[in-house]
Amino acid sequence: MKAFVTGGAGYIGSVCVEELLNAGHEVTVFDNLSEGHRGAVDNRAVFIQGRLSDEPAVTQSIKDASPEVIVHFAANALVGESMANPGKYFRNNVAHGLNLLDAAVACGVRKFVFSSTCATYGPPETVPMTEDLPQRPINPYGESKLMFERLLHWYQEIHGLQFVAFRYFNAAGASMQFGEHHRIETHLIPNVLKVPLGQAAHCEIFGTDYPTPDGTCIRDYIHVIDLAQAHILAMTPGKRGFFNLGNGDGYSVREVISTCEKVCGRKIPVIEKPRRPGDPPKLIASAEKARVELGWEPQFPKLDQIVASAWEWHKKHPNGYTA
Ligand code: UDP
């Protein structure tokens, strides 16, 4: 199929583009490079540098690419930043995303695959979390993604634009070629790995007084290649709906740090800090629906495999995509 991938120069997008190409699809990447990197775009893909805020450019790019499917990764995705600057999240993730939906309809695209998030649920009453739980986000990032999910619902109802929305849990790890490089890194695993890379003296734990066994937040980490594979399955005609993507295993911040120590073979000093606003204590997926309805089967479900792939990539690219 021909796929138009927004945010294909970003972390998850770059690995998904690589997997799409490996599976024989044709790919056009549309990215403004505000968070993404030109070097993260697989050289088999067509690359367009453009902004979703520029609706004529979006429409023209889709017309030229004539895709059967749009895969939409481009977004701001930091919980903490969204608590300080909510307008950025509603503008970029909702308003500018709406330009993409309108362009999809105008160009006759019939299928849309969207990167949503477990942050749309807010703190759950029970884990593992299934797709039918109430969605009560506690930060503007999650709220903006939930708003876009609602737009998708109406565009499917009214315009017949079929969608799959994936609610990612915590993406981590790397492929052989592409990995995680944010200009300002806030994510746990890459920040912890800065210590064995010699780029930081210690890592930080945000909050040690959560109602969890060791007091630190629990997350469900999922290998970025496994996320990418789900997108390919979602492109199968007839597939639609909301799907969680996670492994169903929760790891605390302290457990992630000790896994990093094991994988790297080094002690990683820690500093305990106060809670980061907007963080739910515990998020663990049930991805049963994706397994049953899409036939999705994670290849790298274990945290040490995920961390090992990240560690390999960071050792090879200590400055990420910066030359
Ligand atoms: N975290 C931390 N230290 C860091 C980065 C993150 O303790 O340097 C915590 C963060 O507060 C959260 C968990 O690790 O509880 C996962 O955070 P991350 O930013 O990786 O992903 P999120 O769950 O926010 O999408």
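The values are calculated or read from the model by the stated rules, or taken from the named source; none is laboratory data. These figures come from a predicted structure and were not determined experimentally. When we count neighbours, we look across all protein chains shown, and the Cβ atoms used for this are built from the backbone with ideal geometry, even at glycine. SASA here: full protein model, heavy atoms, side chains in, ligands and nucleic acids out. Shrake-Rupley method; radii C 1.70, N 1.55, O 1.52, S 1.80 Å.
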**OP:** Output the residue which, of all residues in region 271-288 that are at negative phi, in contact (Cβ under 8 Å) with a residue 60 or more places away in the chain and open to solvent by less than 60 Å² (accessible area, probe 1.4 Å), is nearest to the ligand (Cβ to nearest atom).
**Re:** Asp279
Original post:
Taking Glu293 and the conditions (1) part of a loop (DSSP other than H, G, I, E, B); (2) more than 10 Å from the ligand (Cβ to nearest atom), which numbered condition does it fall short on, given that it satisfies the others?
Top reply: (1)
Original post:
Which one is most open to solvent (accessible area, probe 1.4 Å) among residues in region 129-139 that are within 16 Å of the ligand (Cβ to nearest atom) and touching a residue at least 24 places away in the same chain (Cβ under 8 Å)?
Top reply: Ile138
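Looking only at region 88-104, which residues are away from the ligand (no atom under 16 Å from the Cβ) and open to solvent by less than 30 Å² (accessible area, probe 1.4 Å)?
Narrowing region 88-104 to residues away from the ligand (no atom under 16 Å from the Cβ): 88, 90-92, 94-104.
Val94, Gly97, Asn99, Leu100, Leu101, Ala103, Ala104, listed by residue number.
So which of Gly198, Gly179 is part of a loop (DSSP other than H, G, I, E, B) and on the phi > 0 side of the Ramachandran plot? Please lay out each step first, then the result.
Working: Gly179 fails: on the phi > 0 side of the Ramachandran plot.
The match here is Gly198.
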Subject >> Of all residues in region 119-174 being among the hydroxyl-bearing types (Ser, Thr, Tyr) and in a loop (DSSP other than H, G, I, E, B), the one that is nearest to Gly238 (Cα to Cα) >> reply: Thr130
**OP:** Scan (1) in a strand (DSSP E or B); (2) surrounded by 16 or more Cβ atoms within 10 Å (Cβ to Cβ); (3) within 10 Å of the ligand (Cβ to nearest atom) for the single condition Ile222 breaks and write down its number.
**Re:** (3)
**OP:** Tell me which of these Ala234 doesn't satisfy, since it passes every other one: (1) out of contact with any helix residue (DSSP H, G or I) (no Cβ under 6 Å at 6 or more places or on another chain); (2) open to solvent by 10 Å² or more (accessible area, probe 1.4 Å); (3) among the aliphatic types (A, V, I, L, M).
**Re:** (2)
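Okay, residues lined up against (1) touching a residue at least 24 places away in the same chain (Cβ under 8 Å); (2) touching a Gly at 6+ places or on another chain (Cβ under 7 Å):
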{"site": "His37", "(1), (2)": "yes, no"}
{"site": "Asp42", "(1), (2)": "yes, no"}
{"site": "Phe47", "(1), (2)": "yes, no"}
{"site": "Glu55", "(1), (2)": "yes, no"}
{"site": "Asn92", "(1), (2)": "yes, no"}
{"site": "Cys107", "(1), (2)": "yes, no"}
{"site": "Phe112", "(1), (2)": "yes, no"}
{"site": "Ala119", "(1), (2)": "yes, yes"}
{"site": "Thr126", "(1), (2)": "no, no"}
**OP:** Select from region 207-216 the residues that are open to solvent by 10 Å² or more (accessible area, probe 1.4 Å), touching a Pro at 6+ places or on another chain (Cβ under 7 Å) and not hydroxyl-bearing (Ser, Thr, Tyr) and list them in ascending order.
**Re:** Pro211
Subject >> Cβ-Cβ under 6 Å pairs, at least 6 apart or on other chains, region 187-208 side under 15 Å from Ser258 (Cβ atoms), far side open to solvent by 40 Å² or more (accessible area, probe 1.4 Å) and part of a loop (DSSP other than H, G, I, E, B) >> reply: Pro196/Arg266; His202/Pro269
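Residue-by-condition table, conditions (1) modelled with pLDDT of 95 or more; (2) over 19 Å from the mean Cα position of the chain (by Cα); (3) polar (S, T, N, Q):
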| site | (1), (2), (3) |
| --- | --- |
| Ala84 | yes, yes, no |
| Phe112 | yes, no, no |
| Thr117 | yes, no, yes |
| Glu125 | no, yes, no |
| Asp132 | yes, yes, no |
| Gln135 | yes, no, yes |
| Gly142 | yes, no, no |
| Glu157 | yes, yes, no |
| Gly160 | yes, yes, no |
Subject >> Residues of region 240-266 satisfying the condition of being open to solvent by 10 Å² or more (accessible area, probe 1.4 Å), over 13 Å from Ala290 (Cβ atoms) and not in a helix (DSSP H, G or I) >> reply: Asp249, Gly250, Tyr251, Gly265, Arg266
